[in-house]
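Below is one structure, written out as structure tokens; comments come after it.
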Amino acid sequence: MSSKYPLYSIILIHNYKYEPDFMVIVLDRGGAITGNKIDILVENEAKSSQLGIQKNVEFEVLRWGK
């Protein structure tokens, strides 16, 4: 997640491939993720490969930081 979002923010992700809407919590803001990019941890490498990279994902911040 970009450093634009503070740790422990809760984000609701919309229209991510064929997945239903889901929530994520910002737990890491690694230096390799810049701009308006997000990096989502999924359960395994197969799921990661299936989802791949997607552009124009909509999301909303439900809680800003802790």
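Around residue 37, which amide H atoms from residues at least 5 apart in sequence, or from another chain, sit under 5 Å from its own amide H, with H modelled in the peptide plane?
Here the answer is 2, since their amide H atoms fall under 5 Å of that of residue 37.
Using just the helices of the chain, give the 222 nm mean residue ellipticity in deg cm²/dmol: DSSP H runs with n ≥ 4 each add -39,500 (n - 2.57), and the total is spread over all residues, rounded to 500.
-2500 deg cm²/dmol
How much accessible surface area, in Å² rounded to 10, belongs to the heavy atoms of residue 4 with a 1.4 Å probe?
About 110 Å², rounded to the nearest 10.
Return the sequence-ordered ³J(HN,Hα) values of the stretch 50-62 in whole Hz as given by the Karplus equation 6.51 cos²θ - 1.76 cosθ + 1.60 applied to θ = phi - 60°, using x for Gly and Pro.
After applying 6.51 cos²θ - 1.76 cosθ + 1.60, I find 5, 6, x, 9, 10, 9, 6, 7, 8, 8, 9, 8, 8 Hz.
Please turn the phi angles of the stretch 6-17 into ³J(HN,Hα) values with the Karplus equation 6.51 cos²θ - 1.76 cosθ + 1.60 (θ = phi - 60°), one per residue in order, whole Hz, x for glycine and proline.
x, 3, 6, 5, 10, 10, 9, 9, 10, 6, 9, 6
If you look for lysine pairs in the chain that are eight or more places apart or on different chains, how many of them have Cα atoms under 25 Å apart?
11
Given a cut-off of under 8 Å on Cα pairs at least six residues apart, what relative contact order in percent is computed for the chain?
That works out to 50 percent.
Return the long-range amide H neighbours of residue 59 (sequence gap of 5 or more, or a different chain), with a cut-off of under 5 Å between placed amide H atoms.
14
Sorted by accessible area (1.4 Å probe), largest first, how do 19, 58, 45 line up?
Most to least solvent-accessible, the answer reads 45, 58, 19.
Suppose all protein chains stay in the model; what accessible area per residue would a 1.4 Å probe give for the chain, in Å²?
I get 76 Å² per residue for this part.
Which percent of the accessible area of the chain is formed by carbon and sulfur heavy atoms (probe 1.4 angstrom)? Walk me through the intermediate numbers first.
Working: 2620 of 5030 Å².
Here it works out to 52 percent.
Under unit Cβ charges (Lys, Arg +1; Asp, Glu -1), what dipole magnitude, rounded to 20 debye, does the chain have relative to its Cα centre?
Here the size comes out at about 240 debye.
The values are calculated or read from the model by the stated rules, or taken from the named source; none is laboratory data. Because the structure is predicted, anything quoted here is derived from the model rather than measured. Don't worry about glycine lacking a Cβ; one is built from the backbone with ideal geometry, like all the others, and counts go over all protein chains shown. Each accessible area value is taken on the protein alone, full model and side chains, heavy atoms only, with ligands, DNA and RNA left out. Shrake-Rupley method; radii C 1.70, N 1.55, O 1.52, S 1.80 Å.
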